[in-house]
Structure formats: structure tokens, C-alpha cells
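The values are calculated or read from the model by the stated rules, or taken from the named source; none is laboratory data. The shown structure was predicted, so the numbers you read here are calculated from the model rather than taken from an experiment. FYI the Cβ positions are ideal-geometry reconstructions off the backbone, even for glycines, and counts take in every protein chain you see. With ligands, DNA and RNA removed, areas are computed over all heavy atoms of the protein, side chains included. Shrake-Rupley method; radii C 1.70, N 1.55, O 1.52, S 1.80 Å.
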Amino acid sequence: RPVGVDGLFFGEELLSYTEHLERVLPGQGNKEAREALWHRFTWTGEPGESLRAHCDTFLAALQLPGNVVGTAAAEQAGLNGTSVFVIPAFFNLLLHLQSRGASFCLVFRTFGKDLEAVATEFNAFCEGRHPLFPGACFDGRDGGVDYRISFQDPRRFGTFVRRSLCGSEDALVYGTLQQPTLGETLDFYRDASRFPDVNVVSGGVDAIHRSLRRHFNRPGSLALRDYFPFWRSQGLGEGSGKFNGGKLLVLEPFTRTGAHQMFFDDHISDLAPKIVDVRSHGQPEKVLSLDLLFASHLVRAEPLEAVTNPRYFVDHVERLVQSMDRRQLVRARMRALLLAAVASGRLGDAIKATREAQLRDYDAWRAPGDFSTRARRALVERPSSGGRSPGVARHQAVARRACAER
């Protein structure tokens, strides 16, 4: 908790140690000093000394078994030390999805230059060569999907180049991980001798989204490098309620047949997407609700939990799916109720009944059974009449079923 004058607590806001260091040692020039301090956070005499036992548990969970360290299989998977690189819980998620027959697309995103290292271990897993997951099959040899990351196929990897918060000048360049500086243009990629296989998708956020959608709508893997210079120029995601210029994520209205996008990142804040720049397809100026994003799309990846809980990613994916299912159910029921009200001519009665029901505390994420009986009755009940049209009867039947199913 931040300390004010004379050692008194200042406000009720709680901060992580990393967030505290960002406040007292701000800016890129203090990066090394911040890292030096948080690397020894649990050392004797440091603020986190009492947490040393938890740190030891965390580090132990990262260690490779003794019979794996130094083996040819480990080295071929890129595991040249004594600890894992890709967290095993992530591989557990893939095995879980495979066992459920789920169709999914993986997109690896990073500001850094570690995609090739990730690909080495990930591809070993896909080919059944990973020493911790021998026999796994995600390379298509069973007739299924080949999920391996390929840097030989220019359609399977690329980099973002971002230039404006409105997104009109942004681009996605397939076939390379190299990036121009913030001041350079896309002419950077015109040298065919350096970039023989690049495909530049310009035209802004909508053009990028249309291109990525072709990947998201079929199973496979994609490796993308994000554009750190622009995110840094926009303040590294500080503040909420605005676009941040970080890792672009464009969401479409979800349907049962569409892709449900989920984004895991350990730099997402509890109060803002921070590192993820979320846009709404068709409404590029709209800043999406944090309640929606954290309920259905974004997860702040917690390293301690991800390392110590083998089901970490499985549990979060199931939570996001359940949340989206509830949202879709609420929308379907509300649509049925409104259709019935319009068709029966009782919309005014329904609005009046809803006001009288005092639904100020109604929670759309809870079961729609909380909707008042009186309001439901106003929507779906109509005195029996031989002149009722088939369309009205159909809408009322749908609405009754929607109200009754709980």
C-alpha cells in the first residue's frame, strides 16, 4: 500500500511491488534499477523476505525432473537448463481441448524476440518429442490439424506495425518478424532482397481484422510480434477508459458459430486491459466495458498460479466459455420477450410492469429467473382470442419457454 507523509497509509489502493517500483522509479531509464530491486524482493532484508517460502515453492515447480535435465530430448526441445520454458499448464490445456474435440486456433503474441525459442519447445510438444509430454500429437500425423509454428510458411507468422490510436495507419506484415522504427514508413519492407516473401496488409484496423479472421475461423497456429515502440509512445497503457496502442484485439459480436477470442497476458491490469488494445469491429471508436472484457475475453495471467496449478489455463478457459454462454442465453431470452411484446401489442404494458417491479438491482449475469414474475407475465400473457395470428402465438410460445427455462 502506498505510504504518504510520516509513514501513514495514503488512500486504500493496494499495489504490487512491481507497480510500486514503477511509481517510485518511473521511465525507461530506470528499467534496470527496477528489475534489480524486484529480482531480490524476497532476499533477507528486502520487503518480501517473509514470502521467501512461497518463492521457493514457485521456483521448485519450474524445475525439470532430474532424469530429464541434460538429456538429448530436453536439448532438442530447447530445454538447455534445469527449468521449463513454456509453462506445462499451457500444454495441459491443449491436451484437454483435444480430448474434448474442441476446434481452436492458437495465436502467440509478444513484444519481444522470443517467438523462435517458443516455437522450438512448442513444436517438440506437437511432434511428441517433449520430454514431459511424450507422444502428444498436434502435428497432423494422425490426420488432424498441424499446430506447429512454421517460419518457413510466410502466412503463419508476422509483425504488427502501429502508427495511430484511431488505427487507420496500422498494418500487419506477414512473412517477417523485423520491424521499422517508429519514424519509418512501410517502405521499410520494399527491399525484396531482405524481405522476399512479405505480404503487407495495410488499410488500418478493419483490414487487419479481416485478414486475421481468416486464421481465427479455422484451427491452426499463428506467431505474431507486436509493436512495442507505439505502445511505449502512448504511455505503456497507463489509465483506463481509453485506447492504449498495445497488442491489438478486435472483437466481433459473438455468435454460437463464431470464434470466441480469449487473450492471456501477465501485464493485463485488474483495472484496465493496459497491454491489450481492444477494439469493437464496426464501432472502432467505442471503448468496451471492462466487465464484458474480463468476464468473457481477457485474463490477467498470474505466473504463480499458472506454474503451481496444472489446470490453470483449463479452468480459465472453461470460466470464459461459461460466462459467454450465460451472456448468450440472456440475450436470447430478452430477444424472445421483446419479440413477443411487439407482436402482441403489449410492449407498453411490459415497460410499465418493469418499472413497477423496481429492477434496479437486476444482474444480467445471473439466471434470468430473477426477472420479475409480473414483468414476464406482461410480456407473454394475452387474453385468449380466436383472432390471434400464428406469428403472435409463435413469439409468445418462444417467450414463455424462455421465461420457464431456468
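Miscellaneous remarks
- Shape category assigned to segment 160-218 from the gyration tensor of Cα positions, a/c cut at 1.5: oblate
- Two-site label geometry, residue 184 and residue 96: point separation in nm, points 7 Å out along Cα→Cβ: 4.2 nm
- Segment 196-291 shape via C-alpha gyration tensor axes, a/c threshold 1.5: oblate
- Accessible-area composition of segment 185-295, carbon plus sulfur, in percent [1.4 Å probe]: 48 percent
- Protein heavy-atom surface of segment 26-165, 1.4 angstrom probe: 53% of the accessible area is carbon and sulfur, with nucleic acids and ligands not counted.
- Spin-label pair residue 213/residue 80, simplified geometry with 7 Å Cα→Cβ offset, distance in nm: 4.3 nm
- Cα gyration tensor shape of segment 108-243, rounded if a/c is under 1.5, else prolate or oblate by comparing a/b with b/c: prolate
- Per-selection Rg to Rh, segment 225-338 - Cα, Kirkwood hydrodynamic radius: 1.00
- Taking the C-alpha atoms of segment 33-96, convex hull volume expressed per residue in Å³: 136 Å³
- Beta bridge orientation in segment 191-336: antiparallel %, DSSP, nearest 5: 10 percent
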